[in-house]
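First up is the structure itself, then whatever we jot down about it.
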Amino acid sequence: MIRLPRFKFRLYVAGTTQNSTRASANLSAFCTAHLPERHEIEVVDVLRNPKLAMADRVFMTPTLIKLAPAPDRRMVGTLSQPQLLLETLGLEN
């Protein structure tokens, strides 16, 4: 039996702005479609946790970081283009 890797994402948002809400919804839909039952999404509000954002060198929101599997990858924006997200995250062969 082949064990597929589990993906861990950290999405930085700024409160409940329209772009932040859109990015969160787009990421959830993307993961449901492409990584069903093998993903974890942590949402970090930079307004509530600026130290973590600074530690991860996040200067714009929304910012997505793929933490696992390695290598780390980043994408900024509302994550509204699934094909670009596949390529950026290294999921497209």
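For Thr21, the test of being modelled with pLDDT of 95 or more and in contact with a Phe, Trp or Tyr (Cβ under 7 Å, 6 or more places away or on another chain) is failed. Among the residues in the stretch 11-31, are any assigned to a strand (DSSP E or B), under 15 Å from Thr61 (Cα atoms) and of a type in the set (Ser, Thr, Tyr)? Yes - at least one qualifying residue is present in the stretch 11-31. Across the stretch 34-58, the number of residues qualifying as assigned to a loop (DSSP other than H, G, I, E, B) and modelled with pLDDT of 95 or more comes to 7.
One residue stands out in the stretch 14-29 among those that are of a type outside the set (Ser, Thr, Tyr) and more than 10 Å from the chain's Cα centre (by Cα): the one that is farthest from Pro69 (Cα to Cα), namely Gln18. Among the residues of the stretch 70-93, write down those that are part of a strand (DSSP E or B) and either exposed (fewer than 14 other Cβ atoms within 10 Å of the Cβ) or not β-branched (Val, Ile, Thr) (or both). Within the stretch 70-93, Arg73, Arg74, Met75 meet the criteria. Selection of the stretch 59-69 for residues being assigned to a loop (DSSP other than H, G, I, E, B) and closer than 23 Å to Arg3 by Cβ yields only Pro69. In this structure, does Ala53 turn out to be of a type in the set (Gly, Ala, Ser) and touching a residue at least 40 places away in the same chain (Cβ under 8 Å)? Answer is yes for this residue. Restricting the first member to the stretch 14-36 and to residues that are closer than 15 Å to Leu84 by Cα, and the second to residues that are assigned to a loop (DSSP other than H, G, I, E, B) and at pLDDT below 95, the beta-carbon pairs closer than 8 Å and six or more apart or on different chains are His34/Leu91. The set of residues from the stretch 39-56 being surrounded by fewer than 12 Cβ atoms within 10 Å (Cβ to Cβ), closer than 12 Å to Arg10 by Cβ and not small (Gly, Ala, Ser) is empty.
The values are calculated or read from the model by the stated rules, or taken from the named source; none is laboratory data. Because the structure is a prediction, the values reported are computed rather than measured. A quick note on method: Cβ atoms are made from the backbone with ideal geometry, for glycine too, and the neighbour counts reach across all protein chains shown.
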